[in-house]
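Participant: Structure in structure tokens, see below.
The values are calculated or read from the model by the stated rules, or taken from the named source; none is laboratory data. All figures in this text were calculated on a predicted structure; none of them were measured in a lab. Heads up, the Cβs are rebuilt from the backbone with ideal geometry, glycines too, and the neighbour counts pull from every protein chain shown.
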Amino acid sequence: MLYPDNTDQAEIEALVQRRSWKLGFGGSLESAYDVDHRKRAVGAFKNSAVFILVLYLLLSSGIYLLMPPHELLNWLSLYGLVGVIIVLAGVFARIHTLDRWFEIYAGAGSFGAVALSVAVTGVVVDPVAGQLTQAAVMYAMVIIYSVVGLRFKHALYAGWLGGLAGTVLALVLGGEVDWGLLHRTYTGSSLLGMFIAYYAERRDRDLYLQARLLRAAQERTEEYAGRLDRLSRQDALTGLANRRHFDEEMQQEWRRATRQQSSLAVLMIDIDHFKHYNDTLGHVNGDGCLRRVSALIAAHTRRPGDIAVRYGGEEFLLLFPETDRETACQHAERLIASLRDAGIPQAPGLPREFVSISVGVAVAIPGVSMLAPGELICAADDALYEAKHGGRDTWRYAAGLAGPGSSGQAVREHESV
């Protein structure tokens, strides 16, 4: 079904509560119902066309057996066209590009079938065969109102206008119309078909509204569930991934790297002298500093699989799959440089004018140089500790890690002067 989002739910609920005899919603909701009904009607008609054709052939065979030879040609020339209409409508229903024209070809076909069926009753004068031709009229009306899938107003037009055209055609062909019998068959079956079609559409519209409300409730539930899931994986202050999300991603990337024998890089990041900043300027300014730093860190995650994490307090972490030592160290240098370029003022009382960070870098191939994710994180944390004790505003590579994919030359450990 098609459910556009621009319809107010209150409008749908009001329509559900409404008890009006009128068929129609109005506005965008009516347009949406038209599209939805057409889609379902076409799908149903693809199968029902076969059923309609079988009933037509059974009825035609009975009429043929009872039809006097001198009237056979007149009957066949008219009623045979009804079968052609049924076949064409069934073929059209299986051509997807014609779906939007369903009401037109199904309505025109119904109009033609009714007109031909009524006209036949005027040209067949044999009493026995005439009774079957009258039954054919009733068959046509029931099919149009309850099987074809036309909406009530379209079936109404096809049924009554088709009957009028059929009566005129019979008179033009020189036939004699038995008005009493036609009234009992055509008029009676039309009224019955109208009753069935009207309440069928009423019920279908009610079900459509209920489905819309159910769909809206499901979408709200899914939205809330998605929001809760995001909140459970996201740090509320910075918007970065939290420890839970990182642990899940780390396990997944670790398994992938183990299978592919590719490297994983971890950058452990700490804001220098953040306790002094927080104590001096207050928690509100401290939170603002964390948000600015986290935005700069997140800007370095550009590939699928890269992830920026608030690891705890003023500590952050960057995970880079398929990254060698040289590239990881370049990430660290660029990250430190971006903090310097940002020029976030440091709290008074320190020799440094701007907020800076220290970074620890560790790279390994899972299953080769390390056996567990925690070892890689500990290595990056140890390197961060060395960077802190090396004067801050710098980075260090984890001691003892050769670094997969390294060019073999020593990677410069950058320090500010």
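Residues checked against (1) out of contact with any Ser or Thr (no Cβ under 7 Å at 6 or more places or on another chain); (2) part of a helix (DSSP H, G or I):
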| residue | (1), (2) |
| --- | --- |
| A106 | yes, yes |
| V120 | no, yes |
| I144 | no, yes |
| V148 | no, no |
| L164 | yes, yes |
| T167 | yes, yes |
| V177 | no, no |
| L181 | yes, yes |
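Participant: Determine, yes or no, whether A225 is among the hydrophobic types (A, V, I, L, M, F, W, C) and not assigned by TED's automatic domain parsing to the domain that holds Y139.
Facilitator: So A225 fits the description; yes.
Participant: Something else about it: Read through the list (1) modelled with pLDDT of 85 or more; (2) surrounded by 14 or more Cβ atoms within 10 Å (Cβ to Cβ), then give the number of the only condition that R244 fails.
Facilitator: Result: R244 fails condition (2) only.
Participant: Let me ask something else about it. All but one of (1) crowded, with 20+ Cβ neighbours inside 10 Å; (2) at pLDDT 90 or above; (3) more than 41 Å from the chain's Cα centre (by Cα) hold for M141, so report the exception by its number.
Facilitator: For M141, the failing item is (3).
Participant: Something else about it: Residue under question is L132, and the condition is that it be touching a helix residue (DSSP H, G or I) at 6+ places or on another chain (Cβ under 9 Å), more than 30 Å from Y33 (Cβ to Cβ), assigned to a helix (DSSP H, G or I) and assigned by TED's automatic domain parsing to the domain that holds D34; does it hold?
Facilitator: yes
Participant: If you scan the range 228-249, which residues turn out to be under 26 Å from C289 (Cα atoms) and not hydrophobic (A, V, I, L, M, F, W, C)?
Facilitator: Selection gives R230, S232, R233, Q234, D235, T238, G239, N242, R243, R244, H245, D247.
Participant: Then there's this: Inspect the range 360-373 for any residue being assigned by TED's automatic domain parsing to the domain that holds T301, over 18 Å from S263 (Cβ atoms), modelled with pLDDT of 95 or more and touching an Asp or Glu at 6+ places or on another chain (Cβ under 7 Å) and give the result as yes or no.
Facilitator: The answer is no, given that none of the residues of the range 360-373 is assigned by TED's automatic domain parsing to the domain that holds T301, over 18 Å from S263 (Cβ atoms), modelled with pLDDT of 95 or more and touching an Asp or Glu at 6+ places or on another chain (Cβ under 7 Å).
Participant: Something else now. Would you call G403 at pLDDT below 95 and part of a loop (DSSP other than H, G, I, E, B)? Reasoning before the result, please.
Facilitator: Working: at pLDDT below 95: yes; part of a loop (DSSP other than H, G, I, E, B): yes.
When the stated conditions are applied, G403 passes them.
Participant: So which of F354, F320, F316 is of a type in the set (F, W, Y), closer than 22 Å to C289 by Cβ and modelled with pLDDT of 95 or more? Full working, then the answer.
Facilitator: Details: F354 fails: modelled with pLDDT of 95 or more; F320 fails: closer than 22 Å to C289 by Cβ.
On inspection, the qualifying residue turns out to be F316.
Participant: Before we move on, is Y56 closer than 15 Å to L132 by Cα, among the hydroxyl-bearing types (S, T, Y), in the same structural domain as L169 (by TED's automatic domain parsing) and surrounded by fewer than 18 Cβ atoms within 10 Å (Cβ to Cβ)? I'd like the intermediate steps shown before the answer.
Facilitator: Values: closer than 15 Å to L132 by Cα: yes; among the hydroxyl-bearing types (S, T, Y): yes; in the same structural domain as L169 (by TED's automatic domain parsing): yes; surrounded by fewer than 18 Cβ atoms within 10 Å (Cβ to Cβ): no.
Considered against the rule, which asks whether it is closer than 15 Å to L132 by Cα, among the hydroxyl-bearing types (S, T, Y), in the same structural domain as L169 (by TED's automatic domain parsing) and surrounded by fewer than 18 Cβ atoms within 10 Å (Cβ to Cβ), Y56 comes out as no.
Participant: Which condition breaks for R259 when tested against (1) surrounded by 15 or more Cβ atoms within 10 Å (Cβ to Cβ); (2) out of contact with any helix residue (DSSP H, G or I) (no Cβ under 7 Å at 6 or more places or on another chain); (3) within 30 Å of F320 (Cβ to Cβ)?
Facilitator: Every listed condition holds for R259 apart from (1).
Participant: Next up: Does E176 fit the bill of being at pLDDT below 90, under 30 Å from V124 (Cα atoms) and charged (D, E, K, R)? Step through it out loud before you land on a result.
Facilitator: Working: at pLDDT below 90: yes; under 30 Å from V124 (Cα atoms): yes; charged (D, E, K, R): yes.
Yes, satisfied.
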